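The values are calculated or read from the model by the stated rules, or taken from the named source; none is laboratory data. Keep in mind that what you see is a predicted model, and the values were worked out from it rather than measured. Glycine also receives a Cβ, built like all others from the backbone with ideal geometry; neighbour counts cover every protein chain displayed.
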Amino acid sequence: MDDLLTYDAVLARFDPVLGLEVHVELNTASKMFCGCDNTPGGEPNTTTCPVCLGLPGSLPVVNAHAVESAIRIGLALNCQVAPWCRFARKNYFYPDMTKDFQTSQYDEPICFDGWVDVEVEGETFRIEIERVHMEEDAGKLSHVGGGTGRIVGAEYSLVDYNRAGTPLMEIVTRPVRGLGAKAPAVGRAYMAMLRDLMRALGVSDARMEAGNMRCDANVSLMPTGTAELGTRTETKNVNSLRSVEAALTYEMRRQGAILAEGGRVVQETRHWHEDGEYTSPGRNKEQAEDYRYFPEPDLVPIAPDPAWVEELRASLPELPARRRARLQEAWGFSDLEMRDVLGNEGSLDLIEATVAAGAPPAAARKWWLGELARRANEAGVELGAVGVTPEQVAQVQGLVDAGTVNDKLARSVFDGVLAGEGSPEEVVASRGLAVVSDDGALGEAVDAAIAANPDVADKIRAGKVQAAGALIGAVMKQMKGKADAARVRELLLERLS
Amino acid sequence: MALTTADVARLAELARIALTPEELERLAPQLDVILDAVASVSEVATADTEPMSHALPLTNVFRDDVVTPSLPAAAVLAGAPSVEDGRFRVPRILGEGA
């Protein structure tokens, strides 16, 4: 295993510098350069044709929708759109591409010079975007033999070319400095922001676990107080938001240990191991890759009409950062409350839907971040998969507001809903959960509580109203939690004043 | 222009073409002649001649995002030297000691 410096020791001596290359598969109907179905997951090699297989004599034609998506992504990332650009061939020999080259863009990306802000724990960090370019995904390899399913030790490999030719966007940041201890968290927040952005634009499903969005995480360490960039490593196979943060943290600690010993970091590609949470070196290349890029002669240049670009700019949907600001204001949440919401995966959408279903925002937030987050956590599922819909949460809150149930009983209502016992109202009826606010029944319980606790009753008579809590508690206990606490208090004070 | 045998060896490696030292010696001057011939184009081109990568002055040749039929898998795999589970079977990618 690698030597690792403690995280604090790394930060005491070095400033991390990040660079993130993100690949996003577009969800177009057809592939980038041919009409093959772009839906992932079909039977192997059933969505290929002479173009995406690179058979002699075939000619690619650019998918207009993919270009539109690329421009919209660029605009959403505050990029310039190139007035004129070309595709290029990136030549390499590897069985994931039968053509022996990937059609990509080289020094003429369709979008460039952008920026985007991400927030971590209330602090805003600006990430500069160097470029957004268009290319195609490659086929999928499965390695057989060797037991691990990995390429090392495999006896042979199997190739499915369905994915070859899927439109792929590469989004590259400039080196990001000045992040300090938050560097890994900023990397993660950037990925989360990109994912939300892709979904808001509707251009990609952006599911990291499905490989729709993939991250190559570059990091280097700069001795504090200097301005000279250190040697970076590039970590691949980082397939979840959590892994982005963990892989960056690991590399910072690994590089820190090497540098602290006076060693040199090797510039290399490293592989993230999700199971053991460490990186290992990739293949050692004897010399830098030479892809012999040249302009793709089978595709004519792209020159987006400025009027079209402006039309796309004007029709961008509300982007995540703006939506958050709007919702925070509409809901009257403090910055701290909003941070809790944003820190809780999926809760923003759920709260919005719950509010739309009629619940007050504060109540919607309370249920999703409290009771329901706890249950999701216990069940080990995402909040959205907890088993209660926003409409049901709004209905439960409606019952609370109407005085039918109190918060404690509402939890039992959720139990019933989760157990499949029907709507919140049906659960209240079938489980007999409604609060008792009938003065007759409550009065008896109040009298019993006073009789059982004469000392407390005397204190209240003497003016110590805060002692009423003990008697209210006694009544609640007797009524099995189903008493209307406010009415119990009124009845108590009436009798003891 | 003087193309060295080392240049040609590097190009051959990139193109995955195995050449013997004798072939490198023979091919380097031949390739040099070809490059010189192509270079003569630059004598004709003036400073205001834009470099071009296409013969036609076209831009924005697009197709609509419409799915068209793919090849049947059997046809796709028919030419493969080896097939397993509907996939192309390819030899070990990393050699021993990789």
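So here's what we get for this one:
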read-out	value
Selection from segment B:31-73 of residues that are surrounded by 13 or more Cβ atoms within 10 Å (Cβ to Cβ) and within 11 Å of chain A (Cβ to nearest Cβ)	B:Ser53, B:His54, B:Thr59, B:Asn60, B:Val61, B:Phe62, B:Arg63, B:Asp65, B:Val67, B:Ser70, B:Leu71, B:Ala73
Residue match in segment A:104-123 (condition: crowded, with 20+ Cβ neighbours inside 10 Å, more than 12 Å from chain B (Cβ to nearest Cβ), more than 30 Å from A:Val341 (Cα to Cα) and touching a Phe, Trp or Tyr at 6+ places or on another chain (Cβ under 7 Å))	yes
A:Arg264 part of a strand (DSSP E or B), assigned by TED's automatic domain parsing to the domain that holds A:Val17, among the basic types (Lys, Arg) and farther than 15 Å from A:Pro184 by Cα	no
Members of segment A:213-252 found to be closer than 30 Å to A:Leu312 by Cα, surrounded by fewer than 22 Cβ atoms within 10 Å (Cβ to Cβ) and under 13 Å from the mean Cα position of the chain (by Cα), listed by number	A:Arg214, A:Leu241
Selection within segment A:334-364 - farther than 22 Å from A:Gln392 by Cβ, in contact with a Lys or Arg (Cβ under 9 Å, 6 or more places away or on another chain) and either hydrophobic (A, V, I, L, M, F, W, C) or buried (at least 19 other Cβ atoms within 10 Å of the Cβ) (or both)	A:Met338, A:Leu342
Matching residues, segment A:213-249, being out of contact with any Asp or Glu (no Cβ under 7 Å at 6 or more places or on another chain), in contact (Cβ under 8 Å) with a residue 40 or more places away in the chain and not aliphatic (A, V, I, L, M)	A:Arg214, A:Cys215, A:Ser220, A:Pro223, A:Gly230, A:Arg232, A:Arg242, A:Glu245, A:Thr249
Residue list for segment A:383-417, restricted to those being more than 17 Å from A:Ala483 (Cα to Cα) and among the acidic types (Asp, Glu)	A:Glu391, A:Asp415
Filter result (in a helix (DSSP H, G or I) and within 55 Å of the chain's Cα centre (by Cα)) within segment A:482-497	A:Ala485, A:Ala486, A:Arg487, A:Val488, A:Arg489, A:Glu490, A:Leu491, A:Leu492, A:Leu493, A:Glu494
Every residue from segment A:1-37 that is of a type outside the set (Lys, Arg), surrounded by 24 or more Cβ atoms within 10 Å (Cβ to Cβ) and within 14 Å of chain B (Cβ to nearest Cβ)	A:Leu26, A:Ser30, A:Met32, A:Phe33, A:Cys34, A:Cys36
So A:Pro56, is it in a loop (DSSP other than H, G, I, E, B), within 14 Å of another protein chain (Cβ to nearest Cβ) and touching a residue at least 40 places away in the same chain (Cβ under 8 Å)	no
Selection within segment A:295-325 - outside any loop (DSSP other than H, G, I, E, B), modelled with pLDDT under 95 and charged (D, E, K, R)	A:Arg322, A:Arg323, A:Arg324
